[in-house]
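Okay, so here's the structure we're looking at.
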Amino acid sequence: MEMQRKLMAGGDRLNDLPDSILLHILSMLPNNKEVVRTSVLSERWQFLWKFVPTSLEFNFPVSDNENDTRDYLVSIHRELYYWRSCEKIRKLRVWCLKYDECYAKDVDIWVYFATKLANVEDLQLGLSTNNRRYEFPQFAYKNASLRNLVLWNCQLNPFGNVNWSSLLSLSIVYMEFTDGVIEKVLSGFPNLEYLELKKNSSIHRLEISSMKLRELIILDYKNENHDLWLESFAPSIKICKFWGCVVRYAS
C-alpha cells in the first residue's frame, strides 16, 4: 500500500514516463494485488497491469476437511479467471492438493490454463495421493512455451508423440512408468538440460539420448525385481547423482 500511495502522489509526473519504465515500476510492487490496484490511478493506468509479468502460486491448506479443499479449489478457479487476460504469466504453481479422482477436471483446468491459455514457462504441480494418480491430459503433450516442469503424483501416458520443444528442466516425483512410456516422453525434449526422477517405479531400462543434457538425478528408484539399467548418450552431461537404487550404467 505504501508504494501505491507514492504512485498516486506522483500523479502527472509518472504519466509522462514511457510504458517501459512504468511497467518496470509496477514489477517492483510486492504482490499481484498491489499491481492490479494501480488501475484506479488514471485512465492510462487502467490496463497497464495486464502487461506486467507475474507468477501465480497456490498452496492448499493443511486440512482433512473436504469443504476446505473445495473452497480453495473455487478460489483458484476464480483467480485464474481473473488473470486470464494478463499478457505474461511466467509461473503457475499449485501445491499440496490431496488428490482424488473427483478433482481430475479441476486439475485439467489448471493444466489447460498453463499450457494453452497463459503459455507459462514454469508449471509446478504437486499432488499427494494414497490412491490413483492424476492422469496428465493428452492436450498438454504439445507445448512450445514450457521451460520448467515439475510433476508430483502425476501419471504420464501420451497416446501420440510428445513435443515440449522449449523444455530445459524436468522433475518427476512419485510416478509409475509403463513399458516404453519414459522413452516416448524423453524423446520430446530436444533441449532438456536437467532431468530428475525421484521415487519412481517400474523403470527396467532407461535410455537417454540427449546432446544438451547436463545434469541427471535419480533418487529412491523403486523396483522389487530388477535393478535399473541405464544407457545414455549425453556428451554434455556434467553431473550424475544416483541415490537409493542399484544402477547398471552404459554409455
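The values are calculated or read from the model by the stated rules, or taken from the named source; none is laboratory data. Just so it is clear, the model here is predicted, and its values are computed rather than measured. FYI the Cβ positions are ideal-geometry reconstructions off the backbone, even for glycines, and counts take in every protein chain you see. Quick note on the areas: whole protein, heavy atoms, side chains included, nothing else; ligands and nucleic acids left out. Shrake-Rupley method; radii C 1.70, N 1.55, O 1.52, S 1.80 Å.
Going by the conditions given, is LEU206 modelled with pLDDT of 90 or more, outside any loop (DSSP other than H, G, I, E, B), touching a strand residue (DSSP E or B) at 6+ places or on another chain (Cβ under 6 Å) and under 24 Å from SER165 (Cβ atoms)? No; evaluated as a whole, the condition is false for this residue. From the list LEU167, LEU192, LEU219, LEU146, the lone residue that is more than 22 Å from TYR103 (Cα to Cα) and modelled with pLDDT under 90 is LEU219. Residue count for segment 150-164 under the criterion of being more than 14 Å from PRO137 (Cβ to Cβ), open to solvent by 40 Å² or more (accessible area, probe 1.4 Å) and part of a loop (DSSP other than H, G, I, E, B): the result is 1. Whenever a residue of segment 230-245 is over 9 Å from LEU216 (Cα atoms), its partners that are open to solvent by less than 60 Å² (accessible area, probe 1.4 Å) and at pLDDT below 65, lying with C-beta atoms within less than 6 angstrom and at least six residues away or across chains, give the pairs LEU230/VAL247; GLU231/ALA250; CYS245/LEU228. ASN67 meets all of the listed conditions (1) without any contact (Cβ under 8 Å) to a residue 12 or more places away in the chain; (2) open to solvent by less than 70 Å² (accessible area, probe 1.4 Å) but one, namely (2).
For segment 82-111, filtered to residues that are among the aromatic types (Phe, Trp, Tyr) and crowded, with 19+ Cβ neighbours inside 10 Å, the residue that is nearest to ASN131 (Cα to Cα) is TYR99.
Looking across segment 116-147 at every residue that is over 21 Å from MET175 (Cα atoms) and in a helix (DSSP H, G or I), the one that is least open to solvent (accessible area, probe 1.4 Å) is identified as LYS116. Scanning segment 96-136 for residues that are among the aromatic types (Phe, Trp, Tyr) and in contact with a Leu (Cβ under 8 Å, 6 or more places away or on another chain) yields TYR99, TYR103, TRP110, PHE113, TYR134, PHE136. Scanning segment 178-190 turns up no residue that is open to solvent by 50 Å² or more (accessible area, probe 1.4 Å), touching a Lys or Arg at 6+ places or on another chain (Cβ under 9 Å) and within 21 Å of LEU125 (Cβ to Cβ). For first residues located in segment 193-209 and basic (Lys, Arg), partners that are at pLDDT below 75 and lie 6+ apart or on another chain with Cβ distances below 7 Å form the pairs LYS199/LYS222; ARG205/TRP229. Within segment 70-81, identify whether any single residue is surrounded by fewer than 17 Cβ atoms within 10 Å (Cβ to Cβ) and within 14 Å of GLY126 (Cα to Cα), and answer yes or no. Checking segment 70-81: not a single residue is surrounded by fewer than 17 Cβ atoms within 10 Å (Cβ to Cβ) and within 14 Å of GLY126 (Cα to Cα).
Out of everything in segment 114-143 that is of a type in the set (Val, Ile, Thr) and at pLDDT 95 or above, what residue ends up being farthest from GLN155 (Cα to Cα)? Among them, the one singled out is VAL120.
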